[in-house]
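These notes are about the structure you will find just below.
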Amino acid sequence: AKGEGGGMHREYEPSLHANAEEKRQLEHSLRNALERDEMLLHYQPVVDATTEEIVSFEALIRWDSADHGFVSPGKFIPLAEDTRLIVPIGTWVMQEACREAADNWPTNIKVNVNVSPEQLLETDFSATVVRALSDSGLDPKRLEIEVTESIFLRDASVARNALEECMALGCSVALDDFGTGYSSLGYLRKLKFSTIKVDRTFVQGAAQQSPESIAIIRAVVAMADSLGMTTTAEGVENEEEAEMIRSMGCTKIQGFHFGRPMPRDDVAGVFTRRAAE
Ligand code: C2E
Ligand code: CA
Ligand code: CA
Ligand code: CA
C-alpha cells in the first residue's frame, strides 16, 4: 500500500536534508491539511504473543496531500512538532481514533494513540482526552496512549501530571521505542506504564543472533515483569522473528508479519475473517 514502509521517526532528518524552501512549502500545506480533509488514520494490529489473538490496533496517521502526494509521518510529524501544528493534528487523531474504536470494533479491542511531547506540555491534554472519550462514548480502559522517553526531557512533571490524569480516567500509557534515544531506567519509576514497547532495532538484532540485542530484550522483559508491566515487540516481520520474540517472553507482538497498517474499512474485514476461522 502507498504510504507504508520503513518510516521510523529517527531515520529522517528533514531539517538537514530538505532545503528551506521545500520545508516552507510543506509547512504551508500542513497548515491546511486538516481543513482540506487530507489526513487519515491507518490501523495496525497488535497481537498476543502466545495466542496470536488481536488485542489492539495502533492508530498511525497518513497524509494524502494534494500538493505533495503521500507524505510519511516520519517526515511531517517532526515538522508538525516544530511548528505546534501537532496540537490540532493530535487532537484530530485522538477524536478520530476513539470514534472509530467505539463505533466499529469489538469491545475487547483497544486502540493505541501516539502522543507528542508538545501535546502534553503545551495544552490541557487530559481535557482533550476527556472530550474524545465523551464524544465517542469509548470506555477509557480501551484507550492506550503511546509516548516516548522524550516527554521527560523538558518539563517532566507537567508531562507526568497530564498522563496521570488520563490514568485516573482509566486509560493506560505505553512507553514507545524503548531502548532508542535517551533511555534511562529512571523513567520507569516516574510513571506506572502499562506497556514497554521494545524498538524494532532490537528485534532485528535478536533475529540476527546479536548477543547484545538478545540480552537487552531479556533484561527489559524481566524488568517489565517485576514492575507489573507488559512488553510489546515492535516491527516483527517474519515467523523467525516472532519465534525468537516468543521464546524471550514478550507479551505482545506488532509488525508486518501479523498485519500492516490498514485503512479503517479493512479492520472490519479482519474481525469477520477471524470470527470465521
Ligand atoms: P511508531 O509509533 O514507532 O510506529 C511504528 C512504525 O513502524 C509505523 O511507521 C509502522 O508502520 C512501522 N512498522 C510497523 N511494523 C513494522 C514492521 O514489521 N517493519 C517495519 N519496517 N516497520 C514497521 P509509520 O506509520 O511510518 O509511523 C512512523 C512514526 O510516526 C511512528 O512511529 C510515530 O512515532 C509517528 N506517528 C505516526 N502516527 C502518529 C500520530 O498520530 N501522532 C504522533 N504524534 N506521531 C505519529
Ligand atoms: Ca518510532
Ligand atoms: Ca507508537
Ligand atoms: Ca514505536
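The values are calculated or read from the model by the stated rules, or taken from the named source; none is laboratory data. Given the structure is predicted, the values throughout are model-derived calculations rather than measurements. Using ideal geometry, Cβ is built from the backbone for each residue, glycine included, and neighbour counts are taken over all protein chains shown. Ligands, DNA and RNA are excluded from the accessible area calculation, which covers all protein heavy atoms including side chains. Shrake-Rupley method; radii C 1.70, N 1.55, O 1.52, S 1.80 Å.
Take the conditions modelled with pLDDT of 95 or more, touching an Asp or Glu at 6+ places or on another chain (Cβ under 7 Å) and in a helix (DSSP H, G or I) and apply them to Gly74. Does it pass? Criteria met by Gly74.
Of all residues assigned to segment 116-136, at least one qualifies as being closer than 20 Å to Phe57 by Cα, within 16 Å of ligand 4 (Cβ to nearest atom) and out of contact with any Cys (no Cβ under 8 Å at 6 or more places or on another chain). Check segment 123-144 and report whether any residue there is modelled with pLDDT under 95 and among the charged types (D, E, K, R). For segment 123-144, residues modelled with pLDDT under 95 and among the charged types (D, E, K, R): present. In the condition set (1) assigned to a helix (DSSP H, G or I); (2) surrounded by fewer than 21 Cβ atoms within 10 Å (Cβ to Cβ), Thr51 is compliant with all but (1).
When residues in segment 32-48 are screened for being in a loop (DSSP other than H, G, I, E, B) and open to solvent by less than 20 Å² (accessible area, probe 1.4 Å), 1 of them pass.
Against the definition (open to solvent by 70 Å² or more (accessible area, probe 1.4 Å), of a type in the set (Ser, Thr, Tyr) and closer than 15 Å to Gly179 by Cα), how does Thr231 come out, yes or no? So Thr231 does not fit the description; no. Scanning segment 260-277 for residues being more than 21 Å from Glu96 (Cα to Cα) and in contact (Cβ under 8 Å) with a residue 60 or more places away in the chain gives a total of 1. In segment 234-261, of all residues being at pLDDT 95 or above, open to solvent by 30 Å² or more (accessible area, probe 1.4 Å) and hydrophobic (A, V, I, L, M, F, W, C), the one that is nearest to Ala49 (Cα to Cα) corresponds to Phe258. For segment 92-117, a residue qualifies if it is within 12 Å of ligand 1 (Cβ to nearest atom), over 16 Å from His42 (Cα atoms) and in contact (Cβ under 8 Å) with a residue 40 or more places away in the chain, and exactly one does: Pro117.
From the list Gly137, Gly170, Gly179, the lone residue that is within 18 Å of the chain's Cα centre (by Cα), more than 23 Å from Arg84 (Cα to Cα) and surrounded by fewer than 23 Cβ atoms within 10 Å (Cβ to Cβ) is Gly179. Listed by position, the helices (runs of 4 or more DSSP H) enclosed by segment 196-277 that each have at least 3 residues that are among the aliphatic types (A, V, I, L, M) and within 22 Å of the chain's Cα centre (by Cα) are 211-227, 264-276. Of all residues in segment 104-134, those satisfying the criterion of being among the polar types (S, T, N, Q) and open to solvent by less than 40 Å² (accessible area, probe 1.4 Å) are Asn112, Ser116, Gln119, Ser126, Thr128. Within segment 172-192, can you find the residues that are of a type in the set (Phe, Trp, Tyr) and either within 15 Å of ligand 4 (Cβ to nearest atom) or in a loop (DSSP other than H, G, I, E, B) (or both)? Residues satisfying the conditions are Phe178, Tyr182.
When Ala80 is tested against (1) out of contact with any His (no Cβ under 9 Å at 6 or more places or on another chain); (2) within 16 Å of ligand 3 (Cβ to nearest atom); (3) outside any helix (DSSP H, G or I), just one condition goes unmet, and that condition is (3).
Against the definition (at pLDDT below 95, surrounded by fewer than 21 Cβ atoms within 10 Å (Cβ to Cβ), within 16 Å of the chain's Cα centre (by Cα) and not in a strand (DSSP E or B)), how does Arg24 come out, yes or no?
So Arg24 does not fit the description; no.
Annotation: of all residues in segment 189-209 being open to solvent by 30 Å² or more (accessible area, probe 1.4 Å) and more than 21 Å from Thr148 (Cβ to Cβ), the one that is farthest from ligand 1 (Cβ to nearest atom) is Gln209.
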